[in-house]
1. How far is it, in nm, from the label point at residue 46 to the one at residue 95 when both lie 7 Å from their Cα along the line to the Cβ?
2. Rounded to the nearest 20 Debye, what is the dipole magnitude of the chain about its Cα centre when Lys and Arg each give +1 and Asp and Glu each give -1 at the C-beta?
3. Work out the count of Lys pairs in the range 1-88 where the Cα-Cα distance is under 22 Å, with the pair 8 or more places apart or on different chains.
4. Could you provide, to the nearest whole Å², the per residue accessible area of the chain with probe 1.4 Å?
5. Nothing charged except the Cβ atoms of Lys and Arg (+1) and of Asp and Glu (-1): what's the magnitude of the dipole of the range 1-60 about its Cα centre? Round to the nearest 20 debye.
6. If you roll a 1.4 Å probe over the chain with all protein chains in place, what percent of the accessible area is carbon or sulfur?
7. Compute the length gained on full extension between residue 37 and residue 5: take 0.36 nm times their separation in residues and subtract their Cα-Cα distance, giving the result in nm to one decimal.
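The values are calculated or read from the model by the stated rules, or taken from the named source; none is laboratory data. Quick caveat: nothing in here was measured; it's all calculated off a predicted structure. Don't worry about glycine lacking a Cβ; one is built from the backbone with ideal geometry, like all the others, and counts go over all protein chains shown. Calculation scope for accessible area: heavy atoms of the full protein, side chains included, ligands and nucleic acids excluded. Shrake-Rupley method; radii C 1.70, N 1.55, O 1.52, S 1.80 Å.
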Amino acid sequence: MNYNFHQSLDEKCHRFLNAVEPGTKVEIHRHPTKDESFVILRGKVKVTTHNDDGSIIESVVLCAEEGRYGVNILKGVWHTLESLESGSCIFECKEGPFVEHDEEGVLRLQP
């Protein structure tokens, strides 16, 4: 669930809280023209970056208690986010306006 600080999806900067529970896993996606930053406020989430074939580049667990507070995902990098703890909440920031992912923005892995 998101709580937006920006007033409109057309704004140039999107800033919001994203509350996630265990079982929440954002599909592997990328933003071709936008960097995206995550800062953990509460709980624990895993952010994973991927190569074009879906193989893992790096997995980072964000957890303030463990001293890992945030990551920045560069534009064009495949990534996903997974909640590891109940009550987890991150601050997320990326360039606007909001654009739905097209087929090129979501990585579909073959079984």
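1. Inter-label distance under the simple model: 3.1 nm.
2. Working: 12 positive and 19 negative charges, 63 e Å.
Computed charge dipole of the chain: roughly 300 debye.
3. Eligible lysine pairs with Cα atoms under 22 Å apart amount to 9.
4. Working: 6950 Å² over 111 residues.
Per-residue value: 63 Å².
5. On the way: 8 positive and 9 negative charges, 60 e Å.
Result for the range 1-60 is approximately 280 debye, rounded to the nearest 20.
6. Values: 3620 of 6950 Å².
Using a 1.4 Å probe with all protein chains present, the chain comes out at 52 percent carbon and sulfur.
7. Numbers: separation 32, 0.36 × 32 = 11.52 nm, distance 1.50 nm.
Length gained, residue 37 through residue 5: 10.0 nm.
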